[in-house]
Every structure is written in structure tokens, then in C-alpha cells.
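> Provided herewith is a single structure, encoded as C-alpha cells, for subsequent inquiry.
The values are calculated or read from the model by the stated rules, or taken from the named source; none is laboratory data. Bear in mind the structure is a predicted one, so any value in this text is a computation, not a measurement. Neighbour counts run over all protein chains shown; Cβ positions are idealised from the backbone, glycine included.
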Amino acid sequence: MLTQPTTIVRSRPSTILFTMLLAVLGLVVACGTASNPSGGPATSGNTPGGAVVTTTPAANTIVIKNFAYVPPSLTVAPGTKITVINEDKAPHTVTATDHSFDSGTIEGGQRGEVTAPTTPGTYPYICTVHPYMKGTLIVQ
């Protein structure tokens, strides 16, 4: 009776440790652990050469990503200029439901700007192209 030779593969402890380290690193990157003192997420923008650059958004910035406003609620002083960064491929707007401000259409990958009302208050806004997208601007 002929039997097949059995091959035993032994892992070195350093190989196992390296594999575990890669797995943990992958989870950290996948969960998006970038920190930002303002509480908002890090954003990425495309450079002319096609490289993606990750930056921390400045204060008074609304990022549109995955058909959502980030942060969903932003507090600013009256009359503040707010930068709007559209990281989606689709066009979007930041339009107050009372029409007190409107960014106009911002194409995918582009930036726009709105100016907060001078009267303190809470101003809900939507994307007129995708009305299910909602955010709130708090002016105080």
C-alpha cells in the first residue's frame, strides 16, 4: 500500500505576528480613525496629478460625502463664510429651506461657498438635487 507523503508546514512566530499586525492595521484604516479636533472627519481631495491628499477640514466647512453632509449640524457666527466641499461624483447644493442661503450647484469634486445669515437661529438645509440630504446650520 502506497501512502502520500505528508507535508507539515510550521509557522514562525514572527510570521504569525506580522500577519496579525497587518490584520489590525487593516481594521484601523477601514474604520477611519483619523482624528480631528473640530469633531468632523478628515476629508480627501483630488490633486491635479490624480493623487489623493487627506487633510483635516478647516473650521466652517461642510463636506458632502456619500450623499450626506459632514458634519450634519454646524454652528457658526452670523455672516460666516462656509466652505462646501463636494467629494461625491454627483452634483449637490447646500440650500436653506427658507432660502436664506444657497450654494448653487456644486459639481462633483468641486468646492463652493455659502454665507451664514446675519440673524441668529437654526437653519435647516437640503440638497435641491437630492432633497433627502438634510443638514442644520446653527447661527449664534
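> Could you say whether any residue in the range 113-121 is under 18 Å from the mean Cα position of the chain (by Cα) and either surrounded by fewer than 17 Cβ atoms within 10 Å (Cβ to Cβ) or of a type outside the set (Val, Ile, Thr) (or both)? So that I can check it myself, show each step before the final result.
Here is the first cut: in the range 113-121, the residues under 18 Å from the mean Cα position of the chain (by Cα) are 113.
Narrowing the set further to residues that are either surrounded by fewer than 17 Cβ atoms within 10 Å (Cβ to Cβ) or of a type outside the set (Val, Ile, Thr) (or both) leaves 113.
Looking for residues that are under 18 Å from the mean Cα position of the chain (by Cα) and either surrounded by fewer than 17 Cβ atoms within 10 Å (Cβ to Cβ) or of a type outside the set (Val, Ile, Thr) (or both), one finds at least one in the range 113-121, hence yes.
Here's the yes/no breakdown for (1) in contact (Cβ under 8 Å) with a residue 24 or more places away in the chain; (2) not hydroxyl-bearing (Ser, Thr, Tyr):
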position	(1), (2)
Val63	yes, yes
Ile82	yes, yes
Asp88	yes, yes
Pro91	yes, yes
Thr95	yes, no
Ser103	no, no
Glu107	no, yes
Pro124	yes, yes
Val139	yes, yes
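> Can you find even one residue in the range 64-77 that is under 21 Å from Gly108 (Cβ atoms), over 14 Å from the mean Cα position of the chain (by Cα), among the β-branched types (Val, Ile, Thr) and at pLDDT 95 or above?
No: the range 64-77 contains no residue that is under 21 Å from Gly108 (Cβ atoms), over 14 Å from the mean Cα position of the chain (by Cα), among the β-branched types (Val, Ile, Thr) and at pLDDT 95 or above.
> How many residues are under 14 Å from Ala68 (Cα atoms), outside any loop (DSSP other than H, G, I, E, B) and of a type in the set (A, V, I, L, M, F, W, C) when one looks only at the range 107-136?
1
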